[in-house]
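What follows is a short report on a single structure.
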Amino acid sequence: MQAGKRTVPRGRLQVALAAIAAAALLAACGTTGARHAASPKTHAAHSQKAKTSSTATAPTATPSSPKGPFAVQQLQMTGPETGFTLATLQPDATVPSWPLGSYYPNALSSQVALLYTADGGARWSDVTPQDPFQTPGMMEIGTALDFLSPTTGWLAVEAQGSAGSVIAVSRTTNAGASWQTMTFMPAPPLQGSIRLDFTSPEDGWILSTSGPGLGLMTKAIFATTDGGSTWQLVSCSLDPSCPLQPTGLPGDSYPTGFSFLGSAQGFLTAAYHGDPYVWFYGSEDAGRTWKRIALTVPPSEQADYGNAYPPAFFGSTGLMFVQYVGQESSLVLYRSLDGGQSWQPTSGQAIPSSAGPATISWATALDGWALSANDHFLWRTENGGTTFAKSPLPSAFTQYAETGPLPILDFSDPLHGMLVATAPSGTSLLFATKDGGETFTRLSPVLTAPTP
């Protein structure tokens, strides 16, 4: 996040999407049902132009027709009381969601919806844009969400049909009351998952990946400089259909996320898969070329490997966790004071962790939270990582978290945040905090149906 330019801290949503990397790792090991979603100028010959354009108005919700439950896939809180979630709905839900077949394992139904809350998660209304694909039989294979402020944000969906892959990007400037949508056919069509990151109302990027295999995952990065009206392929890796010369974008390892700072600097992180170093790459030309960034391993970390999670920026200060996995695994915080040019491990406290993926959220350069898979504690820092304090998580949350997908954690400011755990059956539990995570209240969310 650039200080003074946006309300929603950068890096929170992309870190939550580390669940995708965990699913990819499971898939590579033979587990089924893995994965969900989620510059400026480049070579003109590779420009991805808009094929269609439409404006959709969201339905007006009424509290008289509650529907639920729903399964949270992605969450972004945009204020103490406001936020958005991508969710799958129960079979009898009547909201006009995009009629896409869901790729999510154990989904409650085939309906994927974008939901909005204005009261801290008690009530959610459907603000999904109208179907941009207009083709029967389209299968949703990747979704991504990113908001710059409580009102301005983007929703990206990749779908697969008989004619190939199509990515639709919708933009709202009024918290989902209306949308402008464009579509393009990605080249190369990777058909895996997508992630989305905007640093200003004009500058944004999509990271598209293939499915995992043998430690490899093909990657492609698309960029926009006009708020999402047009997209250009700026780099890609490991695919015969990639029309670009080698860009340094590596094909090995499974991404945990990516983040950009300003209009040029980008950072890409991944979970370990065979590399003798922490997988961390940077770009200084808006994603066109990439180079590995070497990290100093603390002497105390005698680890087998390291998993990096995408950095969050507050002005020129960057904060990034690396999870060193060994006999005793831990999360180590790295800090950059020069806009990502150099990184050093802080002298602060390392957080004990399991070997599983971690969930991380930053609200300010001082206030951050982390929890790792199967952990019963939430770790919080109020001094930029010098020290961390732990608080117990709700028992109902830990029961779901131990058996379901990676939990979701998102804070909008140092006090207000939301915690989500999803059961293997696909039902999510939502918890809210107003004291920085010391205590959580379980919510009973209501999904309001639109007015006919």
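The values are calculated or read from the model by the stated rules, or taken from the named source; none is laboratory data. Being a predicted model, the structure only gives us computed values, none of them experimental. Here the Cβ is made from the backbone with ideal geometry for all residues, glycine too, and neighbour counts use every protein chain on show.
Annotations for the structure displayed:
- Residue ID - surrounded by the fewest Cβ atoms within 10 Å (Cβ to Cβ), chosen from residues in the range 206-252 that are hydroxyl-bearing (Ser, Thr, Tyr) and farther than 26 Å from Gly274 by Cα: Ser229
- The lone exception for Ala363 - which of (1) over 14 Å from Gln349 (Cβ atoms); (2) at pLDDT below 95 it fails: (2)
- Failed item in (1) at pLDDT 95 or above; (2) closer than 28 Å to Trp362 by Cα, with Tyr254 passing the rest: (1)
- Listed here are the strands (runs of 3 or more DSSP E) enclosed by the range 112-152 that have at least 1 residues being of a type in the set (Val, Ile, Thr): 112-117, 139-147.
- Positions within the range 304-328 being in contact with a Gly (Cβ under 6 Å, 6 or more places away or on another chain) and within 14 Å of Ile351 (Cβ to Cβ), in sequence order: Val322, Tyr324
- Candidate set: the range 258-283, residues that are in a loop (DSSP other than H, G, I, E, B) and hydroxyl-bearing (Ser, Thr, Tyr); chosen: the one farthest from Leu145 (Cα to Cα): Tyr277
- Subset of the range 162-185 that is hydroxyl-bearing (Ser, Thr, Tyr) and part of a strand (DSSP E or B) - its residue that is farthest from Ser241 (Cα to Cα): Ser178
- Out of Thr218, Thr151, sole residue that is more than 16 Å from the chain's Cα centre (by Cα), over 24 Å from Asp252 (Cα atoms) and not acidic (Asp, Glu): Thr151
- From Thr381, Thr398, residue being closer than 17 Å to Glu438 by Cβ and modelled with pLDDT of 95 or more: Thr381
- Some residue of the range 248-257 being part of a loop (DSSP other than H, G, I, E, B) and among the β-branched types (Val, Ile, Thr): no
- Qualifying residue in the range 203-215 (condition: farther than 30 Å from Ser125 by Cα, part of a loop (DSSP other than H, G, I, E, B) and in contact with a Cys (Cβ under 6 Å, 6 or more places away or on another chain)): no
- For the range 119-138, a residue qualifies if it is touching a strand residue (DSSP E or B) at 6+ places or on another chain (Cβ under 8 Å) and within 30 Å of Ser162 (Cβ to Cβ), and the qualifying residues are Asp126, Val127, Thr128, Pro129, Gln130, Asp131, Pro132, Phe133, Thr135, Gly137, Met138.
Matching residues to (1) in contact with a strand residue (DSSP E or B) (Cβ under 9 Å, 6 or more places away or on another chain); (2) over 22 Å from Met77 (Cβ atoms):
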residue	(1), (2)
Val325	yes, yes
Gly340	yes, yes
Pro345	yes, yes
Trp379	yes, no
Glu382	yes, no
Ser395	no, yes
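- Residue within the range 285-292 that is surrounded by fewer than 19 Cβ atoms within 10 Å (Cβ to Cβ), within 23 Å of Ala159 (Cα to Cα), in contact with a Pro (Cβ under 9 Å, 6 or more places away or on another chain) and not small (Gly, Ala, Ser) present: no
- For Val234, the conditions (1) more than 19 Å from the chain's Cα centre (by Cα); (2) part of a strand (DSSP E or B); (3) modelled with pLDDT under 95 are fulfilled apart from (3).
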